[in-house]
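Contents: one structure, followed by commentary.
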Amino acid sequence: MTGKALDGIRVLDMTHVQSGPSATQLLAWLGADVVKLEAPSGDITRGQLRDIPDVDSLYFTMLNCNKRSITLNTKTERGKEILTELIRRSDVLVENFGPGAVDRMGFTWERVQEINPRIVYASIKGFGDGPYTNFKAYEVVAQAMGGSMSTTGFEDGPPLATGAQIGDSGTGVHAVAGILAALLQREKTGRGQRVGVAMQHAVLNLCRVKLRDQQRLARGPLSEYPNDDFGAEVPRSGNASGGGQPGWAVRCAPGGPNDYVYVIVQPVGWGPIAELIGRPELAEDPEWATPRARLPKLNKMFQLIEEWSSTLPKWEVLDRLNARGVPCGPILSTREIVEDESLIANEMIVRVEHPERGEFVTVGSPLKLSESPVEVRSSPLLGEHNEEIYAAELGLGADELRLLKSDGVI
């Protein structure tokens, strides 16, 4: 083994809540030394949605694994001096404060460059420059303004948010891509650079197929959608993908909220499906035999499939469809995901020991590098590594540490 992919990279993590911590956690899993800098009161999510009194919440622990924590009041003069030294010793600085907040601390990009010309300074904001710049950004606000909500849901219902955190964690993944690219370019130029990612922009990037279809609307209705009417914008289309291969979630027995299997009907799959649902004649019927013939009646096609699937448990439906090469997948509930043997075997569902809450379940790293395996370790307690970093690495003496603590600097 040659070590982790990001061994030797120091990340100064000045992020909070979800979008920033999700990015820095990925960097930590890749081997970076991520030092989470928190105000003496801590990241606000330590206390949000607590399930155990006076113990860091799952909200915090599941987004801050494999990091070290230090506390620092950056509003004090001594705090600014210490922050300057931390920046000097870091390869990457990541922040997701409101627009201009770090500048007001006295650490503009120009000042940060002056302190450390090699640093990669990544900022996650809600929006880009323009009329939305100072809007307060939240997960679902980004979904609303990035194209996701207007295209999610059924055509006779309201816009819906997706359960996937595409505004927060989705932006975090985009930020990681930018940071890694900047580190790679630094190998050629010797210089760091700014990396900017906006939540609205990241959501829009994930909704590009809907922008594709917005342009296609100029040439007529979208036949791949099950909708009856089309106006001037892409409609909500339920569980249809809108792609070249129609799909839908069909109900299964006994009819619980997640007793569904998502089925995709490829051209080569229609014959096996027709046989499976007890209607083999439809494979040759000119009204049903071709994708073009089926497009105008997608709702009826999936209704026929559901008449069959609703009599069987979803795992049996899955087995029968897979045996015939039909693309499909069961709708897995959160409980089923936590207990899924495949996800556990692939270390996507992992159990981690926390010094105060005991064992908790979290999501493992989706990035699998053969030479950089990930061992998920617990999130740090607030200020757990103050002495380790301030004394052992920055060389502050014991007396000064006690004074800094009594003065509220750390």
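The values are calculated or read from the model by the stated rules, or taken from the named source; none is laboratory data. Just so you know, these numbers come straight off a predicted model, no measurement behind them. All Cβ positions, glycine included, derive from the backbone under ideal geometry; neighbour counts span all protein chains shown. When the accessible area is computed, the model is the full protein with side chains, heavy atoms only, and any ligands, DNA or RNA have been set aside. Shrake-Rupley method; radii C 1.70, N 1.55, O 1.52, S 1.80 Å.
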Across segment 234-270, what is the number of residues that are within 24 Å of the chain's Cα centre (by Cα) and among the basic types (Lys, Arg)? 1
How many residues does segment 3-35 hold that are in a loop (DSSP other than H, G, I, E, B) and of a type in the set (Ser, Thr, Tyr)? 1
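Out of segment 256-293, which residues are of a type in the set (Val, Ile, Thr), outside any helix (DSSP H, G or I) and touching a residue at least 24 places away in the same chain (Cβ under 8 Å)?
First pass over segment 256-293, keeping only residues of a type in the set (Val, Ile, Thr): 261, 263-265, 268, 273, 277, 290.
From what's left, outside any helix (DSSP H, G or I): 261, 263-265, 277, 290.
Matches in segment 256-293: 261, 263, 264, 265, 277.
Among the candidates 365, 378, 372, which residue alone is assigned to a loop (DSSP other than H, G, I, E, B) and touching a His at 6+ places or on another chain (Cβ under 7 Å)? Spell out how you get there, then give the answer.
Values: 365 fails: touching a His at 6+ places or on another chain (Cβ under 7 Å); 372 fails: touching a His at 6+ places or on another chain (Cβ under 7 Å).
Residue meeting the stated conditions: 378.
Yes/no per residue for (1) more than 19 Å from the chain's Cα centre (by Cα); (2) over 21 Å from residue 390 (Cα atoms):
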position	(1), (2)
25	no, yes
30	no, yes
38	yes, no
51	yes, yes
67	no, no
72	yes, no
91	yes, no
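Tell me, yes or no, whether segment 323-332 has at least one residue that is buried (at least 19 other Cβ atoms within 10 Å of the Cβ) and either modelled with pLDDT under 95 or in contact with a helix residue (DSSP H, G or I) (Cβ under 8 Å, 6 or more places away or on another chain) (or both).
Scanning segment 323-332, I find at least one residue that is buried (at least 19 other Cβ atoms within 10 Å of the Cβ) and either modelled with pLDDT under 95 or in contact with a helix residue (DSSP H, G or I) (Cβ under 8 Å, 6 or more places away or on another chain) (or both), so the answer is yes.
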Find all pairs meeting these conditions: Cβ atoms under 8 angstrom apart; at least six residues apart or on different chains; first residue within segment 349-361 and on the phi < 0 side of the Ramachandran plot; second residue in a strand (DSSP E or B) and surrounded by fewer than 10 Cβ atoms within 10 Å (Cβ to Cβ). 351/359; 352/359; 353/359
Return the only residue of 97, 135, 127 being touching a strand residue (DSSP E or B) at 6+ places or on another chain (Cβ under 6 Å) and over 23 Å from residue 363 (Cα atoms). 127
In segment 293-322, residue nearest to residue 230 (Cα to Cα) [restricted to those that are over 34 Å from the mean Cα position of the chain (by Cα) and among the charged types (D, E, K, R)]: 297
Of the conditions (1) under 27 Å from residue 235 (Cβ atoms); (2) out of contact with any helix residue (DSSP H, G or I) (no Cβ under 6 Å at 6 or more places or on another chain); (3) touching a residue at least 40 places away in the same chain (Cβ under 8 Å); (4) surrounded by 15 or more Cβ atoms within 10 Å (Cβ to Cβ), residue 205 fails just one. Which one is it? (3)
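Select from segment 156-199 the residues that are part of a strand (DSSP E or B) and not aliphatic (A, V, I, L, M) and write down the one among them that is least open to solvent (accessible area, probe 1.4 Å). Don't jump to the end; show me each part of the working.
Kept after step one, since they are part of a strand (DSSP E or B), are these residues of segment 156-199: 194-198.
Still in the running and not aliphatic (A, V, I, L, M): 194, 196.
Numbers: 194: 102, 196: 71 Å².
By that ranking, first place goes to 196.
Does residue 350 satisfy being surrounded by 15 or more Cβ atoms within 10 Å (Cβ to Cβ), under 18 Å from the mean Cα position of the chain (by Cα) and not polar (S, T, N, Q)? Write out each step before concluding.
On the way: surrounded by 15 or more Cβ atoms within 10 Å (Cβ to Cβ): yes; under 18 Å from the mean Cα position of the chain (by Cα): yes; not polar (S, T, N, Q): yes.
Criteria met by residue 350.
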Scanning segment 143-159 residue by residue, those in contact with a Leu (Cβ under 6 Å, 6 or more places away or on another chain) and either under 21 Å from residue 169 (Cα atoms) or without any contact (Cβ under 8 Å) to a residue 12 or more places away in the chain (or both) turn out to be 146, 147, 152
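Consider residue 371 carefully, then state whether it is loosely packed, with under 15 Cβ neighbours inside 10 Å, charged (D, E, K, R), more than 19 Å from the chain's Cα centre (by Cα) and modelled with pLDDT under 95.
Details: loosely packed, with under 15 Cβ neighbours inside 10 Å: yes; charged (D, E, K, R): yes; more than 19 Å from the chain's Cα centre (by Cα): yes; modelled with pLDDT under 95: yes.
Answer is yes for this residue.
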Count of residues meeting criterion [open to solvent by 30 Å² or more (accessible area, probe 1.4 Å), within 25 Å of the chain's Cα centre (by Cα) and not small (Gly, Ala, Ser)] in segment 96-123: 2
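Look at segment 30-69 and say how many of its residues are charged (D, E, K, R) and either without any contact (Cβ under 8 Å) to a residue 12 or more places away in the chain or open to solvent by 20 Å² or more (accessible area, probe 1.4 Å) (or both). Before you say what the answer is, go through the steps one by one.
Of segment 30-69, the ones charged (D, E, K, R) are 33, 36, 38, 43, 46, 50-51, 54, 56, 67-68.
Subset that is either without any contact (Cβ under 8 Å) to a residue 12 or more places away in the chain or open to solvent by 20 Å² or more (accessible area, probe 1.4 Å) (or both): 33, 50-51, 54, 68.
Going through segment 30-69 one residue at a time, the tally reaches 5.
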Residue under question is residue 314, and the condition is that it be basic (Lys, Arg), on the phi < 0 side of the Ramachandran plot and touching a strand residue (DSSP E or B) at 6+ places or on another chain (Cβ under 8 Å); does it hold? yes
Looking only at segment 294-311, decide whether some residue is part of a loop (DSSP other than H, G, I, E, B), out of contact with any Ser or Thr (no Cβ under 7 Å at 6 or more places or on another chain), open to solvent by 20 Å² or more (accessible area, probe 1.4 Å) and at pLDDT 95 or above. yes
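Can you tell me which residue is nearest to residue 29 (Cα to Cα) among those in segment 383-410 that are part of a loop (DSSP other than H, G, I, E, B) and open to solvent by 70 Å² or more (accessible area, probe 1.4 Å)? Lay out the reasoning, then the answer.
To start, the set of residues in segment 383-410 that are part of a loop (DSSP other than H, G, I, E, B) comprises 383-385, 392-397, 407-410.
Those left that are additionally open to solvent by 70 Å² or more (accessible area, probe 1.4 Å): 384, 392, 407.
Working: 384: 19, 392: 24, 407: 35 Å.
So, considering only residues that are part of a loop (DSSP other than H, G, I, E, B) and open to solvent by 70 Å² or more (accessible area, probe 1.4 Å), the one nearest to residue 29 (Cα to Cα) is 384.
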